[in-house]
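Chemist: Below you'll find the structure I mean.
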Amino acid sequence: LKSKKFWLLTGLLFCQNAAETSVTGWMVTYFKGNGIISGSLSPYTVTVMWGATLIARLLIAFVIPIKNSYSAMIKMGIGCIFIFYMGLMMASTQTTAILLLFAFAFAMAGMNPTAVASAGRMTSAASMGIMLPAASSGAIIMPWIIGMVAEHAGIEIGMASNIIPCAGMLLFSVAVKRLKE
């Protein structure tokens, strides 16, 4: 618990949980509200995300193993924020929205297991008992923040605020890599 790396990885996981849960919970509302996804397709958006996550994690585990976890987390962060989340916010057709949702989940899929694995020898029952609940609180706090922002400024601004945890993943990944070197 005295390690800077441990707390940076916990912050990274906080942001990952915040971004992923916010997309899972609010993206359907955003897409339906803007007429991008039809009501008949909307129930399948979470299935698309979890399918992409499963495929990506299996590929990472068995086909494309990660050689440098710190560089991989930076690449995942870049993919999540600059390529796929911004694309999701600009999607205007159903096909584009579903493809970008798949790509966003695919890009983020390895972040959580890679960050936990990067904690390595720092993990114990006590440290995991702090890391996982602290990180999971992102999944509680960020959807609430999006809801509050959306209530006062509109769903577009609410969803745009999810860029903060997406950027956080990238920033924490860079900080962990710099600390390592």
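The values are calculated or read from the model by the stated rules, or taken from the named source; none is laboratory data. This one's a predicted model, so the numbers in the text were calculated from it and none came from an experiment. Cβ atoms come from the backbone with ideal geometry, glycine included; neighbour counts cover every protein chain shown. Note: areas computed on protein heavy atoms with side chains; ligands, DNA, RNA excluded. Shrake-Rupley method; radii C 1.70, N 1.55, O 1.52, S 1.80 Å.
Chemist: Is it true that L9 is modelled with pLDDT of 90 or more and open to solvent by 40 Å² or more (accessible area, probe 1.4 Å)?
Modeler: no
Chemist: List, please: which pairs have Cβ atoms under 8 Å, are six or more places apart or on different chains, and start with a residue in the stretch 36-53 that is without any contact (Cβ under 8 Å) to a residue 12 or more places away in the chain and end with one that is open to solvent by 50 Å² or more (accessible area, probe 1.4 Å) and of a type outside the set (S, T, N, Q)?
Modeler: Close Cβ pairs satisfying both conditions: G39/K32.
Chemist: Which one is surrounded by the fewest Cβ atoms within 10 Å (Cβ to Cβ), of the residues in the stretch 94-126 that are among the polar types (S, T, N, Q) and more than 15 Å from L58 (Cβ to Cβ)? Steps first, answer last, please.
Modeler: So in the stretch 94-126, the residues among the polar types (S, T, N, Q) come out as 94-96, 112, 114, 118, 123-124.
Okay, now just the ones that are also more than 15 Å from L58 (Cβ to Cβ), so 94-96, 118, 123-124.
Values: Q94: 15, T95: 9, T96: 14, S118: 23, T123: 15, S124: 11.
Among residues in the stretch 94-126 that are among the polar types (S, T, N, Q) and more than 15 Å from L58 (Cβ to Cβ), the one surrounded by the fewest Cβ atoms within 10 Å (Cβ to Cβ) is T95.
Chemist: If you take the residues in the stretch 157-173 that are of a type outside the set (G, A, S), more than 10 Å from the chain's Cα centre (by Cα) and open to solvent by less than 30 Å² (accessible area, probe 1.4 Å), which one is nearest to V28 (Cα to Cα)?
Modeler: Among residues in the stretch 157-173 that are of a type outside the set (G, A, S), more than 10 Å from the chain's Cα centre (by Cα) and open to solvent by less than 30 Å² (accessible area, probe 1.4 Å), the one nearest to V28 (Cα to Cα) is M159.
Chemist: Suppose we keep only residues that are charged (D, E, K, R) and surrounded by 14 or more Cβ atoms within 10 Å (Cβ to Cβ) within the stretch 26-81. Which one would you say is farthest from I163 (Cα to Cα)?
Modeler: Among them, the one singled out is R57.
Chemist: Test each condition in (1) over 16 Å from S22 (Cα atoms); (2) at pLDDT 90 or above; (3) over 14 Å from the mean Cα position of the chain (by Cα); (4) of a type in the set (A, V, I, L, M) for I37 and report the one that comes out false.
Modeler: Here I37 clears every test but (2).
Chemist: Name the residues in the stretch 68-86 that are part of a helix (DSSP H, G or I) and free of Cβ contacts under 8 Å to residues at least 24 places away in the same chain, would you?
Modeler: Correct list: K75, F82, F84.
Chemist: Now for a separate question. Give the residue that is nearest to A115 (Cα to Cα), with candidates limited to residues of the stretch 82-93 that are more than 14 Å from the chain's Cα centre (by Cα) and open to solvent by 60 Å² or more (accessible area, probe 1.4 Å). Let's see the steps before the verdict.
Modeler: Quick first cut of the stretch 82-93, residues more than 14 Å from the chain's Cα centre (by Cα) only: 87, 89-93.
If we keep only those that are open to solvent by 60 Å² or more (accessible area, probe 1.4 Å) as well, we get 90, 92-93.
Numbers: M90: 29, S92: 33, T93: 34 Å.
Among them, the one singled out is M90.
Chemist: From the list A117, A175, which one is among the hydrophobic types (A, V, I, L, M, F, W, C), touching a Ser or Thr at 6+ places or on another chain (Cβ under 7 Å) and within 16 Å of M76 (Cα to Cα)?
Modeler: When all the criteria are applied, what remains is A117.
Chemist: Cβ-Cβ distance below 6 Å, separation of 6 or more or different chains: which pairs start in the stretch 1-14 with a residue that is within 10 Å of A115 (Cβ to Cβ) and end on one that is of a type outside the set (G, A, S) and open to solvent by 10 Å² or more (accessible area, probe 1.4 Å)?
Modeler: Note: pairs meeting the criteria are L8/F172; G11/F172; L12/F172.
Chemist: Could you tell me whether G147 is in contact (Cβ under 8 Å) with a residue 24 or more places away in the chain and assigned to a helix (DSSP H, G or I)?
Modeler: yes
Chemist: Could I ask something else about it? Can you name the condition, by its number, that G154 falls short on among (1) under 15 Å from Y30 (Cα atoms); (2) open to solvent by less than 30 Å² (accessible area, probe 1.4 Å); (3) touching a residue at least 24 places away in the same chain (Cβ under 8 Å); (4) more than 17 Å from the chain's Cα centre (by Cα)?
Modeler: (3)
Chemist: Given the options L179, L100, name the one that is in contact with a helix residue (DSSP H, G or I) (Cβ under 7 Å, 6 or more places away or on another chain), aliphatic (A, V, I, L, M) and farther than 14 Å from L8 by Cα.
Modeler: Result of the check over L179, L100: L100.
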